[in-house]
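One structure is given here, and the rest of the page talks about it.
The values are calculated or read from the model by the stated rules, or taken from the named source; none is laboratory data. Source: prediction; values computed, not measured. Here the Cβ positions follow ideal geometry from the backbone for every residue, glycine too, while neighbour counts run over all protein chains shown.
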Amino acid sequence: MSDSFEPVLIGFTCNWCSYRAADLAGTARVKYPPNIRLLRLMCSGRLDPTFVLKALASGADGVLITGCHPGECHYLEQNYKALRRYLLLRRMLAQMGIEPERVKLVWASAAEGVKLAQEITDMVEEIRALGPLNWPQRHNGAALHADEKAVKEGTA
Amino acid sequence: MTEQQNLPAYQAASLPPFIPGSFLKEVMDATPGDSRLQMCIQCGTCGGSCPSAADMDHTPRQIFAMIRADMREAVLRSNTPWYCVSCYYCTVRCPQEVHITDVMYTLKRMAIREKLYDDSTAPDFSQTFIGYIENFGRSFEFGLATRHNLRHRPLQLPSMVPFGLGMLTKGRMDLTPQRIENIEQLQAILNRAIELEAT
Amino acid sequence: MTQHNGHTGQERIGVYVCHCGSNIAGTIDVEAVALWAAEHLNHHGVVVARDYKFMCSSLGQELIEKDIKELGLTRVVVAACSPHLHEQTFRIACQRAGLNPYLCELVSIREQASWVHTDKKAATEKAKALITGGVERVAWHEPLEPLRVPIHPATLVVGGGIAGIQAALEIADAGFPVYLVEREPSIGGHMAQFDKTFPTMDCAACILTPRMVSVGTHPNITLLTWSEVTDVQGYVGNFTVTIRKKARYIKEDLCTGCGICQEKCPKKVIDEVFEAGLGYRKAVYTPFPQAVPKYPVIDRENCTYFQKGTCRACEKLCPTEAIDFEQTDELLTVEVGNIILATGFDILDARRIGQYGYGRLANVFTSLEFERLSNAAGPTNGQIVLRDGVTQPQTVGIIHCAGSRDRNFNNYCSAICCMQSLKFAHLVRERTGATVYNFYIDIRTTAKAYDEFYQRVLEDGAILIRGRVAEVTDAARLPGEEGKLIIQVEDTLAGKQRRIPVDMVVLSVGLEPRHDAKEVAHRFGISCSADGWIIEKHPKLDPVATMTEGVFVAGCAQGPKDIPSTVAQGAAAAARVLARIQQKEIALEPVRASVDESRCSGCRICNGLCPFNAIIFHEDRMVTEINPALCQGCGTCVAACPAGAISGTVFSNEQVLAQIEGLLLDVARRAPATEPVPV
Amino acid sequence: MSKYLFYPGCSLQRTARPYIDSLLAIRELIGLELEEIEDWNCCGATEYVAVHHVAAYALVGRNLALAARQVDGTHTVMAACSACYLNLAKTDSYMRQDAHLAQQVNTALDAGGLQYTPGTVKVRHLLDIIVNDLGIEAVRAKVVRPLKGLRVAPYYGCMIARPDRDNRWDNVEHPLALDRLLKALGAEVIDFPMKTHCCGGHMTQINQASAYELIRRLIHGAAEYHADIMVTLCPMCQLNLDAYQSEMNRYFRTNYHVPIIYFTQLMGLAFGLEAEALGLGKEFVDPRPALSRIGIELPAAEPETVTVVEQPRRKKKDSGLPMPRMPGSKEADE
């Protein structure tokens, strides 16, 4: 890698839509930057806010959360729960002194390989513009844990 | 490590640029946006749509095949681009969305730069036209028509007198050109642009 | 092939990196990745890492099996294609070697790296990170048993065209029940509209009608026409389907199909469906005489009684008193184990192609209109005539690729138009002797006996001009053009623009997905491609399955195709379903949530989250429990539990957090000095 | 009143004086407020881009940059000339698509102390604004002298309909916006199959044989349909078809007489305005006979005998096969 800043992103995908969109992007040879590393969940509803914090704490500069379009959830409505958690999570990140733009939620159906690739490309550029994630010093594990608990209780 | 962006598909693709140095690539690079010229499937929609096809020595489709065949001089000497009337029928009908009209403009520029045209009427018309713009910032029909006709159709000039007279008496033509106020600004812009083209 | 042995950790993990020919190895340095994994991941339990040309081949699988046995592997990571393609393959390989199949993890370095990136170095680094994630995750895998559920023996077939008919008959003949649902009043689909079928030119009705009759009389087929599926619940083996049986206003038990009502009905309407807008039907109608079932329907929108409150002529004249204006839509619920979608296609709206003048110029016809025009049972009794209904054309131009292979309309080849256009040319030559011009970009006659048909049409004297037609106009410019339609085209082989005056133009319009294909796909939980066709599980190796288990696709719903391919797909889908039914039960992913009651605080946060009602709260003990039979495994409750009392298999907190850590191992140095999140 | 920035273009200052005169005459009535772009320069027509590449876009870029400075309340730039409209729209569109071109244009503009961010202004044609913003109904409401009995060939020409980058028209091959507008004026509008064919463009200066053939096709087409008059919305089309019609007649030994006027002039007549205020009377092919037939007398009308041909209409057949239904066909019939 060159000296210039190359962001690293973690992407959470839903087994039924966005993971398949990623498969489709691959099958169609749609190109996007290699800065993102995807992992699979069964549903965006499975996304525990801890996962996002864990990713940011482990060196990711941004986190992309993807799920089925509203109304298209394989489990009927769990993506709405992901949306609620996401909104609160962003607020919490802001309070912690982290740019909320580092976490983004997008919908991508199994047919939207091109769209997913575009969203990834856009977000990589946005995070590149933001620069590396610098953790505020004042935060320790206990405070984070308390915040995370608040998110769960507030949005579940 | 980022993918190239804002580049035409043929440049951003994972494959190396096709036939480096080819005439096809040269034409595509000289055309703004993504002309998609490499996507031509030789269906003939352009040649079928063209209102001037009968006057052209090659149909647009044939020109595209010749570009691929690297027939540089034959393409630039062809009268085809000079018969293009910019009607854009070919462009909107092309099933591959090739920007055909823009490619024709590119071929005209190349031919003018290399003086590779057999009949100079059209190239001279364009250059006379832009001469007025560069001096006045506005076009000037009277000067244009007289200068152009004097040069290329001196014998027909008397027959054009009723036309010119009609335009003048109907108040549809002036004897003097208009000049924009800030012509220096326009000239500075155009000079800089022409310098950029040279690099 | 290279092999690298590392040293032993707690779990003994094997890493297998696939080249996939050059699909992966072309972009990712797979040998370096395997070498690196053996060297750098040995502290993480990797004892062996290998790369191989095709891991999914039997030799590749044997490699893994051998290592499990000889090296005592306890976990396997395969870095290859998407788990949706080959997870099952490698799980079975593990099982053969005596390892629980769920101790295998697939890492997608093809769809997620080699195919989507061009920078080889970066793609290779990314592959290493993805594999590290897989290695960290697999260590937390637990041995699991699949959930086994019985398969209901009945099948739902949606769409009564030739694809659905074929599938329904195959399954019913094997002795299993079928529900065949068709939106229109009769089965038969587009094939019933055609006159002749290429390349043998047998009459479509002659070969289709007997099959339609078999469907109508088959004891194992429940035929539901004038009906639509409104809701699908459940999963493979156990679908619950709701079907709306629209009111026909005809008592099926009394109607004999005598046709008196149609004859006497005073309201004539243009038949936009079966006659493609070229003919008429009545407000009470069967679309065509051989319709199955024979019962007509009353078209409420056009029925004088329904619109104006008087008439009831049909009721008065029906000899069996079968008319029932009071009938209402019925909702039926059926249980099925498998579903076959054979919903077919629409044709492109030719009005969209402005330059061909359809809709403005009377004698421009669509292919479907021409089918009706040439059909002996059609509005002109098979007379090929102009829109005035009487004049025979002297010259006919047939335009191929109308709206296909065109980025302004549909970018794909509609596959059938070349043969269809040649068929039209043959029919025009045979029936009218008119001069025929076919305008084409390429002639695609690739199936058995198709090119021979092309030869035959040339022998018939059809004139083929290679050039995509630029425009059809009635603006005469030259002598001989007055009163004609002029086809303007570049004859690309002659290199000249030509204007060819004709009397009739036929547009071989492209095939399109059904206008509501996306909604239908959504209802059945499957996806459509960007073009709108239903996506099959694998374009080559699994062309009739979809990504949703138990839902299959056949015919043009999957993409444009001719009758032979459609019938083959219908039969293939039926064979897949029959194989399933014979298995009697199916194994499901054991992804389920469960509650550790000792940790449950009874906060009830999770209680409202489950849309499947799998979460029960025990008031007496103040704890929550999850019913594994109802749980679908989404994991929303797992994510919500503040006490961490709910855990989910396959995607447990430990598995996901370990994977995140692994994915980011190479950049962990950038993380804060103090670990902020307790794991 | 709806306000727009106005790019008149060179032709409207000279050859198409009647176009701008009639536009200015009707603008109050249809609620159009125009603010001219200060010190605008020529758009380069179809010529500049045939010689220079970056300079051609920089030439137009200067106009866009000047317009952007005047953005206040409206960011829509209206052009009445088709070539001006296309050049302005195309430059903005290519600068949006092609970052390299945008950067070169801005480097050039910088030499004149100007900058243009692509997308700052929206470029639209006068017809688009009248039909889609102000609305056909607003036009119909102002009609005091319906043009009943006047058979009009609606002629769009090329560059307004094509290439339609922003999907402004219902159909690039057979648009209906002008047809609908003219019907609202009470005129009888023919279904003119040549409505978007080429008038010859700059060919009148380069190769007259070619140009006259293109002019002949259009005039012949209009005559075949027995149009009394052809209506245009582009100065170049008007000039070619009007000023060169007699030359064309001489060349082909024909005797066509199809007057060519601007749609704004016809609107003005229907609104009851005086012919002189609308710039009528400056045509080469005299429209007075055609207009006097429907009772509109222009000053100094010279009596001229016109043979009125009985117009054969396309027969409606009852026994035939049904025609496909066209979307919006009812509206088009109004």
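Looking at segment D:113-144 only, could you name the residues that are surrounded by 16 or more Cβ atoms within 10 Å (Cβ to Cβ), part of a loop (DSSP other than H, G, I, E, B) and out of contact with any strand residue (DSSP E or B) (no Cβ under 8 Å at 6 or more places or on another chain)?
D:Leu114, D:Tyr116, D:Pro118, D:Thr120, D:Lys142, D:Val143
Tally time: how many residues in segment B:112-140 are facing another protein chain (nearest Cβ under 7 Å), in contact with a Phe, Trp or Tyr (Cβ under 9 Å, 6 or more places away or on another chain) and not polar (S, T, N, Q)?
Selection size over segment B:112-140: 6.
Specify which of the listed residues (C:Arg592, C:Arg576, C:Arg599) is charged (D, E, K, R), touching a residue at least 24 places away in the same chain (Cβ under 8 Å) and touching a Phe, Trp or Tyr at 6+ places or on another chain (Cβ under 8 Å).
Checking each option against the conditions leaves just C:Arg576.
Filtering segment C:356-371 down to residues that are surrounded by fewer than 22 Cβ atoms within 10 Å (Cβ to Cβ) and either at the interface with chain D (Cβ under 8 Å from one of its Cβ atoms) or in contact with a helix residue (DSSP H, G or I) (Cβ under 6 Å, 6 or more places away or on another chain) (or both), which residue is nearest to C:Pro560 (Cα to Cα)?
C:Gly359
How many residues does segment C:632-645 contain that are more than 7 Å from every other protein chain (Cβ to nearest Cβ) and surrounded by 20 or more Cβ atoms within 10 Å (Cβ to Cβ)?
Final tally of qualifying residues: 3.
Could you list, in sequence order, the residues of segment C:461-490 that are of a type in the set (D, E, K, R) and closer than 15 Å to C:Thr395 by Cβ?
Hits for segment C:461-490 are C:Asp474, C:Glu481, C:Glu482, C:Lys484.
Return yes or no: is A:Leu56 under 17 Å from C:Gly133 (Cα atoms), more than 7 Å from every other protein chain (Cβ to nearest Cβ) and outside any strand (DSSP E or B)?
Considered against the rule, which asks whether it is under 17 Å from C:Gly133 (Cα atoms), more than 7 Å from every other protein chain (Cβ to nearest Cβ) and outside any strand (DSSP E or B), A:Leu56 comes out as yes.
Looking only at helices (runs of 4 or more DSSP H) that lie completely in segment B:1-87, which have at least 2 residues being of a type in the set (Ser, Thr, Tyr) and either surrounded by 21 or more Cβ atoms within 10 Å (Cβ to Cβ) or modelled with pLDDT of 95 or more (or both)?
In segment B:1-87, the matching helices (runs of 4 or more DSSP H) lie at B:45-49, B:80-83.
Which of the residues that make up segment C:328-348 are surrounded by 15 or more Cβ atoms within 10 Å (Cβ to Cβ), in a loop (DSSP other than H, G, I, E, B) and of a type in the set (S, T, N, Q)?
Selection gives C:Thr343 alone.
For D:Ala50, are the conditions met, namely being within 11 Å of chain B (Cβ to nearest Cβ), outside any loop (DSSP other than H, G, I, E, B) and touching a helix residue (DSSP H, G or I) at 6+ places or on another chain (Cβ under 9 Å)?
Here the answer is yes, as D:Ala50 does meet what is asked.
Filter segment C:151-166 down to the residues that are within 13 Å of C:Val551 (Cβ to Cβ) and hydrophobic (A, V, I, L, M, F, W, C), then identify the one that is surrounded by the fewest Cβ atoms within 10 Å (Cβ to Cβ).
Only one residue fits best here, namely C:Leu156.
Quick check on my filter: what residues within segment D:1-13 are surrounded by fewer than 22 Cβ atoms within 10 Å (Cβ to Cβ) and more than 15 Å from D:Met78 (Cβ to Cβ)?
Passing the criteria: only D:Gln13.
Quick one: D:Ala153 ticks every box in (1) of a type in the set (Gly, Ala, Ser); (2) buried (at least 22 other Cβ atoms within 10 Å of the Cβ); (3) touching a residue at least 40 places away in the same chain (Cβ under 8 Å); (4) part of a loop (DSSP other than H, G, I, E, B) except a single one, so which number is it?
(4)
For segment C:646-657, how many residues are within 9 Å of another protein chain (Cβ to nearest Cβ) and in a loop (DSSP other than H, G, I, E, B)?
Total satisfying the criteria: 2.
What number of residues in segment C:532-548 are buried (at least 22 other Cβ atoms within 10 Å of the Cβ) and assigned to a strand (DSSP E or B)?
1
Limited to segment B:42-97, what total is found for residues that are more than 8 Å from every other protein chain (Cβ to nearest Cβ), among the aliphatic types (A, V, I, L, M) and under 18 Å from D:Val49 (Cα atoms)?
1
For segment D:177-192: of the residues being surrounded by 22 or more Cβ atoms within 10 Å (Cβ to Cβ) and touching a Gly at 6+ places or on another chain (Cβ under 9 Å), which is nearest to the other protein chains (Cβ to nearest Cβ)?
D:Phe192
For segment C:78-126, which positions are within 14 Å of chain A (Cβ to nearest Cβ), outside any helix (DSSP H, G or I) and not hydroxyl-bearing (Ser, Thr, Tyr)?
Correct list: C:Ala79, C:Ala80, C:Cys81, C:Glu105, C:Leu106, C:Val107, C:Ile109, C:Trp115, C:Val116, C:His117, C:Asp119.
Go through segment C:422-457 and give me each residue that's part of a strand (DSSP E or B) and not aromatic (Phe, Trp, Tyr).
C:Thr435, C:Val436, C:Asn438
Of all residues in segment C:549-567 being assigned to a loop (DSSP other than H, G, I, E, B) and at pLDDT 95 or above, which is farthest from the chain's Cα centre (by Cα)?
C:Asp562
Return yes or no: is C:Val520 surrounded by 18 or more Cβ atoms within 10 Å (Cβ to Cβ), within 18 Å of the chain's Cα centre (by Cα), away from every other protein chain (no Cβ under 14 Å) and farther than 18 Å from C:Ser414 by Cα?
no
Quickly run through segment A:99-115 and pick out the residues that are in contact with a Leu (Cβ under 8 Å, 6 or more places away or on another chain) and in a helix (DSSP H, G or I).
Passing the criteria: A:Pro100, A:Glu101, A:Arg102, A:Gly113.
Looking only at segment B:147-163, filter to residues that are surrounded by 14 or more Cβ atoms within 10 Å (Cβ to Cβ) and in contact (Cβ under 8 Å) with a residue 12 or more places away in the chain; which one of those is farthest from D:Arg14 (Cα to Cα)?
B:His152
Any chance segment D:17-38 includes a residue that's among the hydrophobic types (A, V, I, L, M, F, W, C), in a helix (DSSP H, G or I), within 12 Å of another protein chain (Cβ to nearest Cβ) and surrounded by fewer than 21 Cβ atoms within 10 Å (Cβ to Cβ)?
No - not one qualifying residue is present in segment D:17-38.
Quick one: C:Leu578 ticks every box in (1) out of contact with any helix residue (DSSP H, G or I) (no Cβ under 7 Å at 6 or more places or on another chain); (2) farther than 29 Å from C:Pro199 by Cβ; (3) more than 14 Å from chain A (Cβ to nearest Cβ) bar one, so which box is it?
Tallying (1) out of contact with any helix residue (DSSP H, G or I) (no Cβ under 7 Å at 6 or more places or on another chain); (2) farther than 29 Å from C:Pro199 by Cβ; (3) more than 14 Å from chain A (Cβ to nearest Cβ), C:Leu578 fails exactly one: (1).
Given the criteria of a type in the set (Gly, Ala, Ser) and free of Cβ contacts under 8 Å to residues at least 12 places away in the same chain, does D:Ala141 qualify?
In short, yes.
Filter segment A:59-76 down to the residues that are facing chain C (nearest Cβ under 7 Å) and buried (at least 23 other Cβ atoms within 10 Å of the Cβ), then identify the one that is nearest to C:Lys120 (Cα to Cα).
A:Ala60
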